[in-house]
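The values are calculated or read from the model by the stated rules, or taken from the named source; none is laboratory data. Computed from a prediction, not measured in an experiment: that's the story for all the values here. Virtual Cβ from ideal backbone geometry, glycine too; neighbours counted across all protein chains shown. Ligands, DNA and RNA are stripped out before the accessible areas are found, and what is left, the full protein with its side chains, is counted by its heavy atoms. Shrake-Rupley method; radii C 1.70, N 1.55, O 1.52, S 1.80 Å.
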Amino acid sequence: MADLPYRIVIGLEVHVQLLTQTKLFCGCSTRFGQPPNSATCPVCLGLPGALPVMNRRAFDLAVKAALALNCRIASFTKWDRKNYYYPDLPKNYQISQYDLPFSSDGHLDIQTPEGTKRIGIIRAHLEEDAGKLLHEEGGSGKDSLVDLNRTGTPLLEIVSQPELSAPEEAKAYLEELRLLLKALEISDCEMQEGSLRCDANVNIHVPHADGVAATPIVEVKNLNSFRAVERAIKFEANRQYGQFQSDGKKLGDRGVSKATAGWDDVRGVTVVQRRKEEASDYRYFPDPDLVPIEVDSAWIAEVRALLGELPAAQRTRLQSQYALSAYDTEVITRQGRPFVAYFEELARGCGDAAEAKNWLTNEILQTLNDRKSDVRAFPQPADAIAELIREAKATGLNKQRARDVYAHMVSEGGTAKEVIKKLGFTPVTDEGQLRDIVRRAMAANAKAVTDFKNGKVKAADAIKGAVMRETKGMARTEMVQQILLEELQRA
Ligand code: ZN
Ligand code: MN
């Protein structure tokens, strides 16, 4: 972005749904796709007299995420009511955390073309989700329906410092965050299902006569894909530049306040909607129905012990331990921990990390994508595929035949040895037998032999082709090559 006449400043607010069985303050199920309003109870419906009780598992998951984001965990934290009216919020307030969030001051390292960049995390706090309004399915088209299944689902809100300076960096931040939260099984981070939602605070710094001017901050909402995040930021920065050129309004000027905008993905534009509320508009106050939480160091240590190897550390280790490229490491780690475990088992089992990587990132990943499935549901364990790799190498089975064996193993079952036998893929390795076949092929392709003798090296391909046909591809290419060359020189 070096060629732009301004610098973009981006801060991201990410909401992720925690992978709990039940809601944050009641026992209702959080499963996606249940019939509308079936997963509700007096607590999440906000009926008078119903009392919330905190879900301990949600708090543990949130602490786990905060620790992975290098945050400081507060020893004392509490719940606050954020008061506002909206049809998807039956209580007329959201239980959130205001001035004493459970965690703060963390960071996340992202990869940029210039290298690793550290992005500060201001805070991460817990809150409950609101319901969902459906505007399209009202029959007449004029009705709005409300589904309160999502009401009370635990959300972790992660607020970054405004330290991202390009749309690509915003995307990289989200990708790294998703990788981390998925690896730790904190959230499944499905933007399509709304379990990861992102708002971007954007403004630009423009050099001008008296130094640098910062434009008013706009919070862009409704970003429901990584691509939308990138496009929206790019568009909004450019829009602010045009606006600044025409009105010269700066952050801090009288009457200038933060605004919110929606992103119209079809038209590819941001639409500024309204002045942004200030915290004081929400009349926050501590929730009298919930007790504050005291977190002791033993609790933190207990959660920290469950973190395991984080993606960044894992990438570094895989790269050096298995001599993989940065790209390959990225492809493997991006698939999550079970996939990495499968890779390591496969690499150990076949004794060839490069081959293990090839099979995994080509064939196996393809199979998983075709089946829309996970490596945990893959029908062949790593040692069975390791055997295939070893057998293919030992018997000189070519790649295409090895792929056939693989496909058979995956769809019909069986070990590599069994399938090789069953498909008749027993390789021709006897030198005398192969030499006879080569001689016969030369006799049948006399013209090719003459052409070769006259310097047309390519002519040998026709003979080689005949040998491969005769052996049904079961001869080792290097061996055919070697024998053919000897025989041609002798002819
Ligand atoms: Zn409930
Ligand atoms: Mn929030």
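Considering every residue within segment 371-386, establish whether at least one is surrounded by 13 or more Cβ atoms within 10 Å (Cβ to Cβ) and under 23 Å from Gln111 (Cβ atoms). There is no residue in segment 371-386 that is surrounded by 13 or more Cβ atoms within 10 Å (Cβ to Cβ) and under 23 Å from Gln111 (Cβ atoms).
Among residues of segment 282-294 that are without any contact (Cβ under 8 Å) to a residue 12 or more places away in the chain, none has a Cβ under 9 angstrom from a residue that is outside any loop (DSSP other than H, G, I, E, B) and among the polar types (S, T, N, Q) at a sequence gap of 6+ or on a separate chain.
All conditions in (1) open to solvent by 10 Å² or more (accessible area, probe 1.4 Å); (2) closer than 30 Å to Leu306 by Cβ hold for Leu174, with the sole exception of (1).
Only one entry of Leu196, Leu179 meets the criterion of being closer than 30 Å to Leu19 by Cβ, open to solvent by less than 10 Å² (accessible area, probe 1.4 Å) and either over 22 Å from the mean Cα position of the chain (by Cα) or at pLDDT 90 or above (or both), and that entry is Leu196.
Per-residue answers, yes or no, for (1) polar (S, T, N, Q); (2) within 16 Å of ligand 2 (Cβ to nearest atom):
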position: Ser29; (1), (2): yes, no
position: Gly33; (1), (2): no, no
position: Val53; (1), (2): no, no
position: Lys64; (1), (2): no, no
position: Ala68; (1), (2): no, no
position: Ile73; (1), (2): no, no
position: Tyr84; (1), (2): no, yes
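For Met191, the conditions (1) open to solvent by 70 Å² or more (accessible area, probe 1.4 Å); (2) under 16 Å from the mean Cα position of the chain (by Cα) all hold with the exception of (1).
Contact annotation: residue pairs with Cβ atoms under 9 Å, 6 or more positions apart or on different chains, pairing a residue in segment 315-338 that is touching a residue at least 60 places away in the same chain (Cβ under 8 Å) with a partner that is assigned to a helix (DSSP H, G or I) and open to solvent by 80 Å² or more (accessible area, probe 1.4 Å), are Gly336/Lys182; Arg337/Lys182. For segment 5-20, the candidate set comprises residues that are over 22 Å from the mean Cα position of the chain (by Cα) and assigned to a loop (DSSP other than H, G, I, E, B); within that set, the residue that is farthest from ligand 2 (Cβ to nearest atom) is Pro5. Residues in segment 221-235 that are buried (at least 16 other Cβ atoms within 10 Å of the Cβ) and either touching a residue at least 60 places away in the same chain (Cβ under 8 Å) or assigned to a helix (DSSP H, G or I) (or both): Phe226, Ala228, Val229, Glu230, Arg231, Ala232, Ile233, Lys234, Phe235.
Considering segment 236-341, the qualifying helices (runs of 4 or more DSSP H), each wholly inside and each with 1 or more residues that are in contact with a Ser or Thr (Cβ under 8 Å, 6 or more places away or on another chain) and within 26 Å of Cys198 (Cα to Cα), run over 311-321, 326-333. The sole residue among Val438, Val457 that is of a type in the set (A, V, I, L, M), farther than 16 Å from Glu391 by Cα and touching an Asp or Glu at 6+ places or on another chain (Cβ under 6 Å) is Val438. Listed by first and then second residue, the pairs linking a residue in segment 139-168 that is farther than 20 Å from Leu18 by Cβ and at pLDDT 95 or above to a residue that is open to solvent by 30 Å² or more (accessible area, probe 1.4 Å) and away from ligand 2 (no atom under 14 Å from the Cβ), with Cβ atoms under 6 Å apart and 6 or more places separating them unless they lie on different chains, are Ala166/Met1; Pro167/Glu230; Pro167/Lys234.
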